[in-house]
Amino acid sequence: MAEVTIIIPTLNEEENVDFLLERVFEVKDAAGLDFKVLFVDSASIDRTCDCVEKWQNKRPVTLLRRDVNVGLAPAVIAAAHQVDTAYVLVMDADLSHPPEKIPSMLAPLLCGQCDMVIGSRYVKGGAVPDWPLSRKLSSKLATLPALCFCSAKDPLAGFFAVKTRFITGLHTDIPGFKIGFAVLAEYHKSIRIQEIPITFRDRDHGQSKMTRGIVYDYLRQLGSLAKGRMGL
């Protein structure tokens with residue numbers, strides 16, 4: 001039985017599914033890893049689900065369809081409740097997260113060195129080569145308040161591997177995208193983390209999901225955490 005499920009949340013990613021899975025399974029075969037892939041789709045209106053379903057007879061790929069898009073974090077939590085593996089790895093579908101890093105993400109987790117591994121842009125060796133200075137600055141500013149709730153250098157990273165129970169133990173109403181941050185903030189006193197450097201690339205196909213609504217959801221998440229710390 002596989003020890004790891006790779007969870008990939010999608011919303012209108014038909015142009016990226018094939019490219020992503022080709023690279024994921026090249027890595028799997030080369031490294032001799034035993035994992036399966038679960039897509040969780042949040043009501044895509046393009047052919048994303050059709051593209052995923054074409055892989056189901058070829059490789060260990062499954063699809064969880066959701067009828068309403070209520071955000072990436074709830075989608076990932078729902079997917080984690082469907083898996084039967086002790087560990088999950090969460091990554092984006094747009095190829096911004098390099099599949100080639102999967103083996104080094106899983107190694108310290110599987111050998112018991114830590115409970116969570118983060119693919120980090122902000123440790124030595126990490127990079128965001130496609131970003132202009134303005135975006136680098138805005139990302140750093142967005143990261144600052146998150147550092148009040150955890151010790152990770154890249155707490156807002158969306159590429160991470162973790163023991164499944166740390167996700168299934170979260171509330172299902174977490175807003176927005178920042179599921180990794182939710183794990184870090186919830187378990188900051190007990191979770192052992194490790195960060196490995198990655199090169200984060202901007203998407204080549206499809207449209208960015210970053211909107212004002214996502215920013216608002218992140219601010220809501222920060223506000224909720226702050227109230228919790230203050231006992232309000």
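Does Val68 satisfy the criteria of being in contact with a Ser or Thr (Cβ under 9 Å, 6 or more places away or on another chain) and farther than 25 Å from Ile196 by Cβ? The answer is yes for Val68.
Of all the listed residues (Ala78, Ala73, Ala43), the sole one being touching a Lys or Arg at 6+ places or on another chain (Cβ under 9 Å), free of Cβ contacts under 8 Å to residues at least 60 places away in the same chain and small (Gly, Ala, Ser) is Ala43.
Out of the residues in segment 186-200 meeting the condition of being modelled with pLDDT of 95 or more and polar (S, T, N, Q), tell me which one is farthest from Glu100 (Cα to Cα). Only one residue fits best here, namely Gln194. Summed over segment 1-52, the residues that are in a helix (DSSP H, G or I) and not polar (S, T, N, Q) give a count of 19.
Every residue in segment 201-232 that is of a type in the set (Phe, Trp, Tyr) and either modelled with pLDDT of 70 or more or surrounded by 18 or more Cβ atoms within 10 Å (Cβ to Cβ) (or both), please. Walk me through how you get there before you give the answer.
Filtering segment 201-232 for residues of a type in the set (Phe, Trp, Tyr) gives 216, 218.
Tyr218 - this is the single residue of segment 201-232 that is of a type in the set (Phe, Trp, Tyr) and either modelled with pLDDT of 70 or more or surrounded by 18 or more Cβ atoms within 10 Å (Cβ to Cβ) (or both).
Residues in segment 53-64 that are in a strand (DSSP E or B) and in contact with a helix residue (DSSP H, G or I) (Cβ under 8 Å, 6 or more places away or on another chain): 3 in all. Residues in segment 155-167: is at least one surrounded by 22 or more Cβ atoms within 10 Å (Cβ to Cβ) and farther than 25 Å from Val52 by Cβ? The answer is yes; a qualifying residue exists.
Would you call Phe159 among the aromatic types (Phe, Trp, Tyr), at pLDDT 90 or above and over 13 Å from the mean Cα position of the chain (by Cα)?
Here the answer is no, as Phe159 does not meet what is asked.
Could you say which residue among Ser104, Ser120 is surrounded by 13 or more Cβ atoms within 10 Å (Cβ to Cβ), among the small types (Gly, Ala, Ser) and in contact with a Lys or Arg (Cβ under 7 Å, 6 or more places away or on another chain)?
Ser120
Of the helices (runs of 4 or more DSSP H) lying entirely inside segment 90-206, the ones with 1 or more residues being closer than 23 Å to Gly32 by Cβ, without any contact (Cβ under 8 Å) to a residue 60 or more places away in the chain and aliphatic (A, V, I, L, M) are found at 102-110. Might you check whether a residue that is part of a helix (DSSP H, G or I), among the aliphatic types (A, V, I, L, M) and surrounded by fewer than 17 Cβ atoms within 10 Å (Cβ to Cβ) occurs anywhere in segment 66-79? Within segment 66-79 (the criterion being part of a helix (DSSP H, G or I), among the aliphatic types (A, V, I, L, M) and surrounded by fewer than 17 Cβ atoms within 10 Å (Cβ to Cβ)), the answer is no, since none of the residues qualifies.
The values are calculated or read from the model by the stated rules, or taken from the named source; none is laboratory data. All values reported here derive from a predicted model rather than from experimental measurement. Cβ sites come from the backbone with ideal geometry, for glycine too, and all protein chains shown count toward neighbours.
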